[in-house]
Amino acid sequence: LCLGIEDMNGMGMAFDFRKAKTILHQIVSCLDHTFLNDNPILGGKNPTAERIAMIIFDAATEKAPNNVEVLSVTVWESDDTSVTYRKNR
């Protein structure tokens with residue numbers, strides 16, 4: 001998950017990584033340890049890494065605070081294979 005930050009607080013922090021982890025856990029827990037072909041989040045579509053990255057991106061964008069912009073989401077299929085989803089600006 002790559003985030004863009006608009007402003008920081010007085011301590012120089014824009015967004016607590018614990019909050020980012022909580023948001024990601026809420027999203028990923030709906031996918032983790034499920035049979036993706038039957039997972040309703042995918043709407044019956046092929047559970048490709050590309051589609052999963054897009055779903056995580058959209059959900060994270062919806063849950064992120066106003067001062068945080070989700071720039072990209074990377075989903076790893078293996079140690080050396082990944083896909084990164086970015087929304088066109």
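The values are calculated or read from the model by the stated rules, or taken from the named source; none is laboratory data. Every value quoted in this text rests on a predicted model; they were computed, and no experiment measured them. Backbone-built Cβ (ideal geometry, glycine too); neighbour counts: all protein chains shown. We work out accessible area using only protein heavy atoms, side chains counted, and drop any ligands, DNA or RNA first. Shrake-Rupley method; radii C 1.70, N 1.55, O 1.52, S 1.80 Å.
Are any residues in segment 36-50 open to solvent by 70 Å² or more (accessible area, probe 1.4 Å), without any contact (Cβ under 8 Å) to a residue 24 or more places away in the chain and under 15 Å from the mean Cα position of the chain (by Cα), and if so, which ones?
I41
Could you list, in sequence order, the residues of segment 10-35 that are free of Cβ contacts under 8 Å to residues at least 12 places away in the same chain, closer than 21 Å to S82 by Cα and part of a helix (DSSP H, G or I)?
Matches in segment 10-35: K21, H25.
Take segment 10-30 and flag every residue that is at pLDDT below 70 and either open to solvent by 80 Å² or more (accessible area, probe 1.4 Å) or of a type in the set (A, V, I, L, M) (or both).
Across segment 10-30, the qualifying residues are G10, M11, M13, A14.
Run down E6, E62 and say which single residue is at pLDDT below 90 and acidic (D, E).
Result of the check over E6, E62: E6.
Could you check segment 59-75 and list, in sequence order, the residues that are part of a helix (DSSP H, G or I) and exposed (fewer than 15 other Cβ atoms within 10 Å of the Cβ)?
As a first pass, look at segment 59-75 and keep what is part of a helix (DSSP H, G or I): 59-63.
Across segment 59-75, the qualifying residues are T61, E62.
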